Each structure stands twice: as structure tokens, then as C-alpha cells.
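The values are calculated or read from the model by the stated rules, or taken from the named source; none is laboratory data. Worth saying up front: this structure is predicted, and the values here are computed from it rather than measured. Ideal geometry is used to build each Cβ from the backbone, glycine not excepted, and the neighbour counts take in all protein chains shown.
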Amino acid sequence: MEKIPLTPRGAQKLRNELMHLMSNERPEIIKAIATARDYGDLKENAEYHAAREKQSFIEGRIKEIEAVISRASIIDPTSMSGETVKFGATVTILYLETEQEQRYQLVGEPEADTSQNRISVASPVARALIGKSLGEVVTIKSPRGNQDCEIIALEYL
């Protein structure tokens with residue numbers, strides 16, 4: 001079984017979501033199903049079908065989170081250092097064509113969130129950066145075409 005790399009923050013976020021689903025969402029949906037059953041004929045009961053669909057989603061998400069947590073390999077970026085890009089690194093790159101700076105943290109797939117500049121280690125940008133050094137020029141291959149960038153900062157926060 002393949003391990004899934006996660007930062008401590010990402011693992012905690014998943015644990016919190018799991019606890020919320022199990023202690024809040026699951027009991028609420030059970031009550032909603034019971035209430036909807038009281039309305040009568042289940043074949044034409046929209047509330048019942050909606051509640052069952054939501055229950056299916058919640059149970060699926062619980063199983064998904066449990067599977068990720070059971071296979072997690074928690075890697076603390078604060079315990080790492082060096083001049084090469086590794087999992088957990090926060091990397092600032094300069095796109096040479098546009099002279100635009102972008103900062104990313106390389107994290108596990110389940111915790112990736114592009115709105116917070118946390119990208120999956122499996123993404124094209126992360127794959128291009130892994131193993132490269134501070135000051136090195138890297139070509140990132142993406143659906144938009146190849147982009148050259150320079151690694152201008154590297155931190156393990």
C-alpha cells in the first residue's frame with residue numbers, strides 16, 4: 001500500500017473534518033432521514049431521497065478520509081533544511097518571461113489548495129521543482145506551454 005505524504009497541518013485538517021463529519025453531520029442526517037420517513041410514501045418523498053443522497057456523500061467522504069489517514073506519512077517541513085526543493089518546501093519562483101513572482105508550498109495531494117498556494121507534489125510545477133536548487137532555472141511543462149522560472153527563495157516552514 002502506497003504511503004500518502006502529508007504535512008502535520010494537512011493531517012490535522014483531515015482529522016478535524018473527519019471528527020466533524022462523524023460527530024455533527026452524520027447524526028444530523030440520521031435525524032433528517034427519520035423525519036422524512038414520517039412524511040409517508042418513500043417513493044415520492046423528495047426530502048427522504050435528498051437526505052439519503054447527502055448521507056451517501058457523508059459516508060463516502062468519511063471512508064475517503066479514513067483511507068488517507070491510514071496511509072499517511074506525516075513529514076514535518078520545519079524539521080527539514082537544505083538547498084534543494086523537497087516535499088514541504090515553500091518555494092518562491094520568478095517566471096522569467098513575465099517577471100512575476102509566485103510562492104508555493106509543496107504538499108500532499110489531499111491537502112493541496114491553490115487558493116492558498118499549497119500545490120500537490122504531483123502537480124507539473126512541483127514535479128519540475130523537486131530536486132532543484134536555489135538559483136537554478138527550471139522549465140515547467142504545463143498545458144499552457146513551457147515556462148522558464150528561477151528559484152529565488154527556498155524555505156522549510
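Quick one: Thr90 ticks every box in (1) under 23 Å from Leu6 (Cα atoms); (2) surrounded by fewer than 16 Cβ atoms within 10 Å (Cβ to Cβ) bar one, so which box is it?
In the conditions (1) under 23 Å from Leu6 (Cα atoms); (2) surrounded by fewer than 16 Cβ atoms within 10 Å (Cβ to Cβ), Thr90 misses (2) alone.
Residues that are touching a residue at least 40 places away in the same chain (Cβ under 8 Å) and farther than 29 Å from Tyr156 by Cα: which helices (runs of 4 or more DSSP H) entirely in segment 1-91 hold 1 or more of them?
Answer list for segment 1-91: 46-70.
Look at segment 92-140 and say how many of its residues are basic (Lys, Arg) and either in contact with a helix residue (DSSP H, G or I) (Cβ under 9 Å, 6 or more places away or on another chain) or touching a residue at least 60 places away in the same chain (Cβ under 8 Å) (or both).
Of the residues in that region, 1 qualify.
So Leu106 fits all but one of (1) under 24 Å from Glu17 (Cα atoms); (2) of a type in the set (A, V, I, L, M); (3) in a helix (DSSP H, G or I); what number is the exception?
Exception for Leu106: condition (3).
From Ile30, Ile74, Ile58, grab the single residue that is within 30 Å of Leu106 (Cβ to Cβ), at pLDDT 90 or above and not acidic (Asp, Glu).
Step by step, each of Ile30, Ile74, Ile58 is checked, and only Ile74 is within 30 Å of Leu106 (Cβ to Cβ), at pLDDT 90 or above and not acidic (Asp, Glu).
I want to confirm something. Restricting to segment 118-157 and keeping residues that are polar (S, T, N, Q) and surrounded by 15 or more Cβ atoms within 10 Å (Cβ to Cβ), which single residue is nearest to Gly10 (Cα to Cα)?
Filtering first and then ranking leaves Ser120.
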